[in-house]
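These notes concern the structure reproduced below.
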Amino acid sequence: MKILLLNQELPFPANSGHRMRTRNFIRALRPEHELSILCFDKNADPGALNESKKYFKDILLVKRPAAAAASKAKRLMRLLGGIPWEISETYSQELESKLLKLLDRQEFDVIIARYIFLGQYLIKHRKLIRAKVIIDLDDIDFIKSSRQLSVARPGGRYDAFRRSLNDLQMRRYYARLRLADKVTVCSRNDSDVLKGIGLANAGIVPNTIEVARCGEAGEYSREAFDNKLFLFCGNLSYEPNIDGLRWFIESVFPGIKLKEPRARLQIVGSFPSREIEQYRSDDISIYANVPDVVPYYRSASAVIVPLRVAGGTRIKILEAFACRRPVVTTTTGAEGLELRGNVDCLIRDDEEGFAGACLTLLKDYNAALGLTGEGFRLVQEQFDVKASDTIIKDLLRHV
C-alpha cells in the first residue's frame, strides 16, 4: 500500500520518545509498503534528511508554525469557538495546502497522523479523503491538561481561565476523532478513556524499544553505583517534563543532598527551555540534543522520572529498564505500563517519599541491582520492538 505519514519532524535520529514511537511505525511498515512523509522540518539536519531518504519515497517539508503567530486575543477567540490552544497554535496553512494537493491526487491508501494536532487536518477535510485514516496519539491531552490544572502556576486570572476553558474544549475536540478509521494510543488505560467518551474506534499500539540497542549501556556495576549520579532523559521543552524537573530540583533534590552530599543530577534531552537552563550548577549538568542517549546511562546510578501531569506511557522508563538502570518514578510516571512497585521500580508521589527512594538506590547496591534485573526482564518480555511490529502490521490489515 501507499502510506502517507503526517509527523511533527523527521524521525531521525531516534533519540526521543516521540521519535522512537514514529520509528516503530516505520520499522513495521517499510518492508511491505511504500511510505511518504509530510512534516514540519524545513531546515532539517542533513544527516536526518539522508537517513530519512532510506525509508521514504517522498519527503515533503514545511516551516514549523511560530507559536506567537496569532495574538493571545485571537487564540482566545478560537478557544471560545471550540478550538483548543494546542490545536490553534500549531496550525500551518502551508502544511494544509500541501496536504490538500496530495489529497486531490488521491494517491494514498492510508494516511497516518501522529498526534491530534496533525490529525486536525484530516478531521477538517475527512469528506475529501478516500484513504483510510489512522490518528496515533502519544498521550491524551485532556488527561494531561486536567492534571496541569492541579499543579500549574497560573500567571494570573486570565491564564487560570484560559487553562480551564482549554481543558473543557480539548475534551470536546477529542469527540471529533470518531471520524478516523482508527485512533491508536499507548495503553489499555488510555484506550478505555477514549471508549468512555464514545470513541469505538480506539485501539492500542504499545510503546516499545529496541532492547538490544540499549546493551551498549552495559551491566549495572559497582562503578555506576558509586557515581551517585541521577539521570533524567526527555524532551526539555515539554511542559510535563519541565514541571517534573522543577518539582524534583526545587522540592526533592535538596533533601537528598542533605543526606548524600555527593549526589548529582544529569539532565539529557532535546531543546531545553530557558527555565531548565537556569538549573545548571556544579551538581546539575545539562546535555542538549545529543545524537544518542544510551551512552549517558552507562555512568548513571539511577534514573528518575518525576512526572506529575503526563499522559500516555513513558518510553524513558522502558529505556532505563533496557539499559539495566534502577528507576524511581511517580504513579503518573508509571501509568499505563502496569509496573509492580518495589519490584520493577520504586514508585513514590510525595517529596519525602521520592527523596527516600532515591537515597535507597544511592546507599543499597543490592536493592538497586535487584530492580535492574526485574526491570530488564519485564522490558525484554513485554516491550521489545518486535511486539509492536506485529501489532502495527495487524492494524493496517484491519483498517
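Overall, the accessible surface of the chain at a probe of 1.4 angstrom is composed of carbon and sulfur to the extent of 49 percent. Listed by chain and number, the lysines placed with their C-alpha closer than 23 angstrom to that of K363 are K228, K257, K259; residues fewer than eight positions away on the same chain are left out. If R0 is taken as 45 Å, the Cβ-Cβ distance between S221 and E34 corresponds to a FRET efficiency of 0.50.
Among 132-138, 199-205, the peptide with the highest mean count of other Cβ atoms within 10 Å heads the list, and the full ranking is 132-138, 199-205. Label sites at A212 and Q93, each approximated as a point 7 angstrom past Cα along Cα to Cβ, lie 4.9 nm apart.
Ignoring lysines fewer than eight residues from K72 along the same chain, the ones with Cα atoms less than 29 angstrom from its Cα are K42, K63, K98, K124, K144.
Here's the list of aspartates and glutamates a cross-link from K195 could span, going by alpha-carbon distance under 16 Å and ignoring same-chain residues fewer than 8 apart: D136, D139, D141, D181.
Divided by 2.2 N^0.38 Å, where N counts the residues, the Cα radius of gyration of region 262-383 comes to 1.03. For region 274-326, trypsin sites (Lys or Arg not before Pro) are listed when DSSP marks them as loop and at most 14 other Cβ atoms sit within 10 Å of their Cβ; the list is R280.
Express the accessible area of region 6-159 per residue in Å², computed with a 1.4 Å probe while the remaining protein chains stay in the model.
Per residue, region 6-159 has 47 Å² of solvent-accessible surface.
Over the chain, all Cα pairs binned in 20 Å intervals from 0 give whole-percent P(r) values of 27, 58, 15, 0, listed from short to long.
The values are calculated or read from the model by the stated rules, or taken from the named source; none is laboratory data. Since we're looking at a predicted model, the values are computed, not measured. Cβ sites come from the backbone with ideal geometry, for glycine too, and all protein chains shown count toward neighbours. Heavy atoms of the whole protein, side chains included, go into the accessibility calculation; ligands, DNA and RNA do not. Shrake-Rupley method; radii C 1.70, N 1.55, O 1.52, S 1.80 Å.
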